[in-house]
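Enquirer: This is the structure I want to talk about, given as structure tokens.
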Amino acid sequence: MKAVKRVVRRAQRKPPAPLNIKLNCDLGEGFGAYTMGCDEEIMPLIDCANVACGYHGGDPSIIRKTVLLAKRHKVEIGAHVAYPDLQGFGRRSMSLRGQELIDCIQYQISALDGMARTYGSRVTYVKPHGALYNDMNADKSLESTVMKAIASWYRPLDLVMLATPGDKKSVETAFEYGLTLRFEAFADRGYTRAGYLVPRDKPGALLDVTAAVAQAKAITSGTLRSVKGHKLNIRPDTLCVHGDTPKALEMLKAIRSALQVPAG
């Protein structure tokens, strides 16, 4: 029903009201002796933590620590699932499809879900990472497989997907699977004319603090534009800053202040 309401709302084409949006960040992405980002400082600033499940980053101890950190700050926990590409940080596409991919996704959710339940918390949503996230946008069959993996989990979990001007088909597919979608926008990444993220190796892909704050304001006011100035009609539920983005902590502080998002 939520998915149907979203489609109807877009069809009405009313002037957008300012969004009351949740902030999310990719955390727990270190591995062994290697640390990434500043999770302890970032966690109090966000509403939802996308926790790496060991395939692109994270290990058992880091997962445990991140779960406990999220619990301490009353932050929602999501499974940040990826292709099994630890060396490439999950940013390289892989030819995983069908049941093999479903197994891969559910294995990662299981690891985080088990750790979270052990320490009195729970996983409430799934967000694909890196190449898997991007590949879903280009391949509707792959998107359907990811949805199937989450829909067949033993209890309901939401799926986070990129908000684009053309996400009606994704809404329809999710409705068929009985899935609730959370549409996401990015404060720290540039957008293409089609509403996708500019590839990381292209000009305009990564935004600095000032540009990220301006983009966050544009997203919440319905005035987002691509790097070449094209207006993008998206209505996301959550706003992301990557944990490995340079000055991510400074960026999140500035965005929370600019949007007057209440802490906790």
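Enquirer: Mind checking which residues of region 103-133 are aromatic (F, W, Y) and either buried (at least 21 other Cβ atoms within 10 Å of the Cβ) or part of a strand (DSSP E or B) (or both)?
Expert: Result: Y125, Y133.
Enquirer: In region 31-57, which residues are over 21 Å from A185 (Cα atoms), at pLDDT below 95 and of a type in the set (G, A, S)?
Expert: Across region 31-57, the qualifying residues are G32, A33.
Enquirer: If a residue has to be in contact with a helix residue (DSSP H, G or I) (Cβ under 8 Å, 6 or more places away or on another chain) and in a helix (DSSP H, G or I) to count, how many in region 241-261 make the cut?
Expert: Residues that pass the stated criteria total 11.
Enquirer: Please work out which one of (1) more than 19 Å from E143 (Cβ to Cβ); (2) free of Cβ contacts under 8 Å to residues at least 40 places away in the same chain; (3) surrounded by fewer than 21 Cβ atoms within 10 Å (Cβ to Cβ); (4) charged (D, E, K, R) is the condition E100 fails and give its number.
Expert: (1)
Enquirer: Let me ask something else. Assuming T210 fulfils every condition listed in (1) within 24 Å of C48 (Cβ to Cβ); (2) surrounded by fewer than 20 Cβ atoms within 10 Å (Cβ to Cβ) apart from one, which condition is it?
Expert: Result: T210 fails condition (1) only.
Enquirer: So, one more: Which of the residues spanning region 110-145 are among the acidic types (D, E) and closer than 17 Å to T164 by Cβ?
Expert: D135, D139, E143
Enquirer: Still on this structure: Look through region 54-97, keep the residues that are assigned to a loop (DSSP other than H, G, I, E, B) and touching a Cys at 6+ places or on another chain (Cβ under 8 Å), and return whichever of them is surrounded by the most Cβ atoms within 10 Å (Cβ to Cβ).
Expert: A82
Enquirer: Mind listing just one residue for me: the one in region 224-240 that is within 21 Å of the chain's Cα centre (by Cα) and over 17 Å from L207 (Cα atoms) and, of those, surrounded by the fewest Cβ atoms within 10 Å (Cβ to Cβ)?
Expert: Once the filter is applied, the top-ranked residue is N233.
Enquirer: Which of the residues that make up region 154-164 are surrounded by 15 or more Cβ atoms within 10 Å (Cβ to Cβ) and out of contact with any strand residue (DSSP E or B) (no Cβ under 8 Å at 6 or more places or on another chain)?
Expert: T164
Yes/no matrix, rows are residues, columns are (1) farther than 21 Å from H129 by Cα; (2) of a type in the set (A, V, I, L, M, F, W, C); (3) outside any strand (DSSP E or B); (4) in contact with a helix residue (DSSP H, G or I) (Cβ under 9 Å, 6 or more places away or on another chain):
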site	(1), (2), (3), (4)
R193	yes, no, yes, no
D201	no, no, yes, no
G204	no, no, yes, no
T210	yes, no, yes, yes
V213	yes, yes, yes, yes
A218	yes, yes, yes, no
T223	yes, no, yes, yes
V227	yes, yes, yes, no
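Enquirer: Please specify each residue of region 134-159 satisfying the condition of being outside any helix (DSSP H, G or I) and either in contact with a Gly (Cβ under 7 Å, 6 or more places away or on another chain) or over 24 Å from A70 (Cα atoms) (or both).
Expert: D139, S152
Enquirer: On to the next question. Keeping to region 175-200, report how many residues are crowded, with 22+ Cβ neighbours inside 10 Å and closer than 16 Å to A138 by Cα.
Expert: 1
The values are calculated or read from the model by the stated rules, or taken from the named source; none is laboratory data. This is a predicted model, so every value here is computed, not measured. Positions of Cβ are backbone-derived with ideal geometry, glycine not excepted, and every protein chain shown enters the neighbour counts.
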